[in-house]
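First up is the structure itself, then whatever we jot down about it.
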Amino acid sequence: MAPSGQINLPKGQRFLFILGAMKSGTSSLAGVLNQHPDIMLGTQKEPAFFTEDGSEISDVAAYLRLWKQPFLKRLNGPRPKYLLDASTAYSKYPFRGDCAGMIRGCTTGARFIYLMRDPVDRIESQVAHIVASSEAAAEKYQRRGDALRYYRRALQISSYAAQLQQYEAEWQAGRVLLLRLDDLKASPQETLAKVWNFLEIAPPKEPIALERKNARKTHLDHVRKVKLSPEVRTALHEALAGDMATLSETYGVNVSDWGF
C-alpha cells in the first residue's frame, strides 16, 4: 500500500533523500553523510517506503522506527537535523510508481541529492548486479544481452533528466542537489563541501574519508564476464543522447566527460 498523510517530525528536523542513481556510489555517499552529527541514516539504507510496491514497511510508524536504534546510539549527541533515506527506488520512474508525488504528499521541506555517473557505465554495472543475482539471470543475459530491448528498464533508470523531471517542483524550489560520481571521486572534500552548504550545516570538524562500498557479493563466475560490447554501448549511447542533452541544457550537468 502506498503511503499517504503528512509525516510530522520534531521542529527543525526534516528528511534527506539520496534518490539514486542505482549503482552510482549512493552507498558510499550515504556512509559519509551518516558520519555527520546532523545527519542520521536509518537501520535500512534503502527502505523504499515511498513506492507503490516492494517495501516491507507497513506504515509511517514502522518507517520512523528505522531511526530509533541509530538515535539511541547517539543518545549523548545532538538531535539530527536530517533523517537520511537513500532509496534508489525513488529514481526508477515509472517502475516503482509516483515516488516523487508520495514524498511530496507526506513530507515538508525535504532535501534531495541525486548522484549520477556515466549512464552507460551505470547500465553495465546494473547488468553485472542482475547477472550476479542468479544463474537464471546470467543465462537470460547470455541469450538476450545483444538486444537493445533487454536494457529497457536500465535505460529508463539512466535517463537522468527524465527522472529529475518527476522532482521538478523540488528542483525549482532549490531543494535538489545534483552531483556526479566523477567529481565525488576526484575531489571528495570539495564535493562534500557543496553538500554541507546545500544542507546549511557546518562542515565536520575533521574531514570524512570517502570509502568505496559495493553491495554485490556473489560466487558466480559470470560477474567478471559482464562487459558490454562496443555495439551495445553505441546503441545505448544513442538511445540516451536526447536525455543527456536535456540534462546538460536544463539542469546544467557536465555530460561531456561521458561522451555526450
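Bear in mind these aren't lab numbers, they're just calculated from the coordinates by the rules spelled out. What you are looking at is a predicted structure, and each value in this text was computed from that prediction instead of being measured. We place every Cβ from the backbone using ideal geometry, glycine too, and count neighbours over all the protein chains shown.
What the table below lists for this structure:
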item	result
Only Lys, Arg (+1) and Asp, Glu (-1) charged, at Cβ; the chain dipole about Cα centre in debye	740 debye
Mean shadow area of the chain over all directions, Cα convex hull, nm²	14.3 nm²
FRET E, pair F95, L72, Förster distance 30 Å, beta-carbon r, rounded to 0.05	0.30
Amide H partners (placed H, <5 Å) of L41, local residues excluded	L84
Expected 222 nm ellipticity per residue - DSSP helices of 4 or more, -39500 (n - 2.57), all of the chain, to 500	-11500 deg cm²/dmol
Rough spin-label spacing in nm, given labels placed 7 Å along Cα→Cβ, for A202 and Q156	4.5 nm
Integer Hz, Karplus 6.51/-1.76/1.60 couplings in order for the range 14-24, x for Gly and Pro	8, 8, 10, 10, 8, 6, x, 8, 3, 6, 10
Convex hull of the range 72-204 built on C-alpha atoms - directionally averaged projected area, nm²	10.8 nm²
Extension reserve of the R79-L148 stretch, reckoned as 0.36 nm per residue once the Cα distance is removed	20.0 nm
